[in-house]
1. May I ask for the distance between the Cα centers of region 90-120 and region 36-88, given as a whole number of Å?
2. Putting +1 on Lys and Arg Cβ atoms and -1 on Asp and Glu Cβ atoms, find which of PHE53, ILE7, ALA37 reaches farthest to the positive end of the dipole of the chain.
3. Each residue of region 92-106 in turn: what ³J(HN,Hα) in whole Hz from Karplus with 6.51, -1.76, 1.60 and θ = phi - 60°, glycine and Pro shown as x?
4. Using a 1.4 Å probe, what is the accessible area per residue for the chain, in Å²?
5. What's the carbon and sulfur percent of region 5-90's accessible surface, probe 1.4 angstrom, rounded to a whole number?
6. Remind me, relative contact order of the chain in percent, using alpha carbon pairs under 8 angstrom and six or more residues apart?
7. Under unit Cβ charges (Lys, Arg +1; Asp, Glu -1), what dipole magnitude, rounded to 20 debye, does region 1-148 have relative to its Cα centre?
8. Taking a 1.4 Å probe, which of ARG70, ARG51 shows the most accessible area, and what order do the others take after it?
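The values are calculated or read from the model by the stated rules, or taken from the named source; none is laboratory data. These numbers come from a predicted model, not from an experiment. Cβ coordinates were reconstructed from backbone atoms using ideal geometry, including for glycine residues, and neighbour counts include every protein chain displayed. Keep in mind that these areas ignore ligands, DNA and RNA; they rest on the heavy atoms of the full protein, side chains included. Shrake-Rupley method; radii C 1.70, N 1.55, O 1.52, S 1.80 Å.
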Amino acid sequence: MEKLVPIIPSGGMFIMLGIYGVPALPILPWAIAVTAAGSTAGSLFWYGLGRWFGPDRGDALALRAGSLLRVRSERYWQLKDRYRRHRFWLTLASQTLPAVRVYAAFPAGVLAMPSTGFIIATYMGAAFWNGPFLLSGYLLREYGFDRETAILATPAAIFLAHPLLFLASRLCRLIHKAA
């Protein structure tokens, strides 16, 4: 639901799921896996819409929206080219950015990113995003952290996930170059 009806911020929703839906720490990986699967399923709606829209109508829509946001058409084409070259990593990283994570699947569909790569990247990114929030909720309930500590700890956990994504991308790039 977080991808289809983004009324409640996903961070708050996952913290609540951690508080009420993770009865013990060994259940946490399962909760991350299930919520990442749900996030991926919601993203598939936007991906499918992007595939249906297609590149011509997708470009027209993006250029129209870009002009409203004062994004020059040259910049749009540069971004589109960059996305084509790095679509897996950009799709994965987009799942760890608030607001972007909801609609990032649409351009992946418009650009006809292979569905298998899209699903894997989205799932991994959603797991990186959901995990710290679920853990924070569990710890909040289990150890009785006060609200201020939980509010500070959750963004810190999210920000720690970003360097891990960067390191993983560098490692994969080195492995790919070595092969």
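1. After rounding, the separation between the Cα centres reads 9 Å.
2. Looking along the dipole axis, the top candidate is PHE53.
3. Taking θ as phi minus 60°, the curve returns 4, 5, 5, 6, 10, 10, x, 6, 4, 4, 6, 10, 5, 6, 4 Hz for region 92-106.
4. 60 Å²
5. Ligands and nucleic acids excluded, carbon and sulfur give 69 percent.
6. So the answer I get is 33 percent.
7. Rounded to the nearest 20 debye, it is 620 debye.
8. ARG70, ARG51
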